[in-house]
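Here the structure comes first, spelled out in structure tokens, and everything after it is commentary.
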Amino acid sequence: MTAKPRISVTSKLDGIRSWSLEALETCPGSVNGDGTLVDACKGCYATTGNYRFANVKAPRAHNKLDWQNLDWADAMVKALDSDRYFRWFDSGDMYSLALAEKILEVCQRTPWVSHWIPTRMAKFPKYREVIRKLQALPNVMLRFSSDSISGDFLPGTHGSVIIPDAESAPAGTVVCQAYQHAGKCNGCRACYSKDVPVIAYPAHGKKMMKVIAIRRAA
Ligand code: SF4
């Protein structure tokens, strides 16, 4: 079959486009060893609100099959012809090593695009080599997401962490200012920049605030 990537535009990102999969079912890094969700994924925005609508789920389900077509990397390179920034995984993750290797190929063949790749797949040793190659590309910022929702992160390892509010940002992080701009990036491109090692995202959404309240009460 011929690949036809379904590319989305999320309202937050100033019109920057993204390629996504369904949350949780493509997120093996979202679970602890005992099978429970890590804190950051318990309040995942991509499992609530608009993300439950059929028109949002359908392109993600399509993409899960589509990337397996032999010509997918060619189709993605063509689709990114006019993009200058690109966000991978507004929802979902590089759940397959073969997918990660294809994403590497797309990034290598689109040097005109700044790619932002958030992931939890660095937890799995078999991903180390492809992640190393992605991180070495000048046009890729791969951010390993901390599982914490209280600002805990490992310097030199994690590239992003959730914090309960902007005031609780730990040293060494840059706070995402989208909360100051009605939830939009408003020209900020920090997530795509290798000059910003760790972004701290203030928690938002009812589901995440509930998880934080439970964690605080424990
Ligand atoms: S840090 Fe900047 S680029 Fe990243 S999500 Fe927040 S506003 Fe957008």
Query raised in the report: Say we look at the range 143-173 and pick out the residues that are open to solvent by 60 Å² or more (accessible area, probe 1.4 Å) and of a type in the set (D, E, K, R); which of these is nearest to Ala217 (Cα to Cα)?
Result: Asp152
Query raised in the report: Of all residues in the range 186-206 being assigned to a loop (DSSP other than H, G, I, E, B) and open to solvent by 70 Å² or more (accessible area, probe 1.4 Å), which is nearest to the ligand (Cβ to nearest atom)?
Result: Asn186
Query raised in the report: Only one of (1) away from the ligand (no atom under 13 Å from the Cβ); (2) not in a helix (DSSP H, G or I) is not met by Trp116, so which one is it?
Result: (1)
Report task. Take the range 174-185 and flag every residue that is more than 8 Å from the ligand (Cβ to nearest atom) and either open to solvent by 70 Å² or more (accessible area, probe 1.4 Å) or part of a helix (DSSP H, G or I) (or both). Result -> Tyr179, Gln180, Ala182
Report summary line: Output for Cβ contacts, cut-off 8 Å, separation at least six or different chains, first residue among the hydrophobic types (A, V, I, L, M, F, W, C) in the range 167-188, second within 7 Å of the ligand (Cβ to nearest atom) and open to solvent by 50 Å² or more (accessible area, probe 1.4 Å), reads Cys176/Cys188; Ala178/Lys12; Ala178/Asn186; Ala178/Cys188; Cys185/Lys12; Cys188/Gln177
**Report entry** Count of residues meeting criterion [open to solvent by 50 Å² or more (accessible area, probe 1.4 Å) and more than 16 Å from the ligand (Cβ to nearest atom)] in the range 1-27
**Finding:** 6
Query raised in the report: Counting only residues that are closer than 19 Å to Asp90 by Cβ and open to solvent by 80 Å² or more (accessible area, probe 1.4 Å), how many does the range 115-142 have?
Result: 0
Requested in this report: Any chance you could count how many residues in the range 28-58 are open to solvent by less than 70 Å² (accessible area, probe 1.4 Å), in contact (Cβ under 8 Å) with a residue 60 or more places away in the chain, of a type outside the set (Asp, Glu) and assigned to a helix (DSSP H, G or I)?
Outcome: 7
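The values are calculated or read from the model by the stated rules, or taken from the named source; none is laboratory data. Computed from a predicted model, the values in this text were never measured in an experiment. Every residue, glycine among them, receives a Cβ derived from its backbone with ideal geometry; neighbour counts consider all protein chains shown. We work out accessible area using only protein heavy atoms, side chains counted, and drop any ligands, DNA or RNA first. Shrake-Rupley method; radii C 1.70, N 1.55, O 1.52, S 1.80 Å.
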